[in-house]
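Inspection log for the structure reproduced underneath, given as structure tokens.
We did not get these values from a lab; they are worked out from the coordinates using the rules stated. Fair warning: this is a prediction, and the values are worked out from it, not measured in the lab.
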Amino acid sequence: FPPEKIRNISIIAHIDHGKSTLADRLLEMTGTITKGPGGNHQVLDKLNVERERGITVKAQTVSMLHTHKGEEYLINLIDTPGHVDFSYEVSRSLGACEGCLLLVDASHLSTTEGLQAQSLAVFRAASAQGLAIIPCLNKIDLPHASPEAISQQIEETLRIPPSQHLYISAKSGIGVDKVLGAVIENLPPPATTGAGWKDRVSRLSAGGALREGAVERWEKEEDDILRALIVDTYYDRFRGVVSLIRIFTGSIKKGDKITPMASGKRYEVLDVGVFHPEETPTDSLLAGQVGYVVCNMKNFEEANVGDTLTHATTTDIEPLPGFKPMQSMVFAGVFPLDAQDFQKLEEAIGRLTLNDRSVVYKDGTEEIISNPSLFPESHDKTMRIDHVEEPIGEEQVSTRCLACLLTLCPILPVHATIMVPQDFIGEMMELCNEHRGIELEYTFVEATDRAVLRYQLPLSEIATEFFSSLKSRSKGYASFDYEDAGYAASDLVKVHTQYLSQESSR
Ligand code: GTP
């Protein structure tokens, strides 16, 4: 397929708004799967945990063939998790796309329907990457559906005119045929030459891992060099690490010698292919395509998500910018009850990390300091501190740990978005203030009764009962999403109280 016959898309949706159902319907319509007796296959939900809990956790992808106005197109659907805990996976999936379907439950404007904070957050991430977006208002088969009201909400909030909104029922199939046509006509094909691909990849790491002078260096390089982004990886017991890749330029085929630029190691490509819907080997993967590559990698350290794959003979090119590094959100020290089980524990954690890149484990090179007394002494010559980081925020004071009154505690601040009917604004502000929140922004969604509050809150505050209080105080109407505000390098030293008293007596 030449690039102009390819579309790479994601579906952005709040949990339960019908993403898996729509994906199944699109796969049926394109003949990628046949309609089963039970109807809904939830094909994209491959992992056991996903099937058991009915939620999408990891990004999955599937390639579909669709004939539009007599021409055949390849549509790659890169699934994204809708759950609030998986925003890192979402931003990676978006990196492989040029456009998105924004799926919104239009069954009626109440507790969990309509545009939700999570969808708004993913919409912002997609816009930052410059992706084109088609709103799809779902569940219009239900008698109480009010797609016009939701359409107005989307127009006012996201500034996408109603003429571009599709009214559908993923369950019954009403209007779904228009979705594929709109994907082909309204979403751009992948740009693989000239300024197009440089512009797309420059926006990959919204937040800025683009190296200074990267675009100028790309200008001097050939367009058809292999530049493939590793979007995700999973482990196969027999073949080792399988990498899900998006080829921005060049091509890759079986037998090629390739290298991930971060490690510089060389590998031979043993298999390439697409998901249709299972792994289907192909002769090659070309610029603009999404697929998998197997090349005898035994562990994940060899295939870093966000790294650039290129041919081993290619030297000294500017890598793709990749993704913002993932921030750890939950920290735990894990010990076996019986010290003899240590090796078993290590193996078990090793297996867990093989299929879940969001779990990171370390052997003591980086330490979270939860009490100032544990901060290393400056005269301790046995330890060399490379640098110290602390949680960043608009106003450090209010994110200080109440126990030790220092900002060293792992109380990572987050930026929260709360969308709520205006009647509940007071309640929501009170709730955020009780949880040491700092107001960042406060806007109204025109022509609706909704307001969007942005707050900075310590992560520790939202980790407990915050979400259930938010729901109960807003009678279920508030929706909530957050992203971490991150850590930044800081010039911190340990100060003893005896020095402080000497200073004050001077
Ligand atoms: P995650 O995978 O967790 O993100 O959820 P999801 O967004 O994929 O939702 P899913 O497709 O599982 O749909 C949630 C529920 O809504 C299921 O019970 C579906 O049958 C139902 N549903 C989806 N689309 C429609 C629709 O168009 N009409 C009606 N009536 N129900 C729908």
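Kirkwood radius, segment 109-253, all distinct C-alpha pairs, inverse of mean reciprocal distance: 18.5 Å. Compute the Cα gyration tensor for segment 177-256, then decide on rounded, prolate or oblate, letting a ≥ b ≥ c be the square roots of its eigenvalues: rounded whenever a/c is under 1.5, prolate when a/b is larger than b/c in the other cases, and oblate in all that remain. The shape class here is oblate.
Projected over every direction and averaged, the convex hull enclosing the alpha-carbon atoms of segment 182-308 yields 8.9 nm². Around the amide H of I174, modelled in the peptide plane, lie the amide H atoms of S169, all under 5 Å away and 5 or more residues distant in sequence or on another chain. In order along segment 92-104, phi translates into HN-Hα couplings of 5, 4, 4, x, 8, 10, 10, x, 9, 9, 9, 9, 10 Hz, rounded to whole numbers, per the Karplus curve 6.51 cos²θ - 1.76 cosθ + 1.60 with θ = phi - 60° and x for Gly and Pro.
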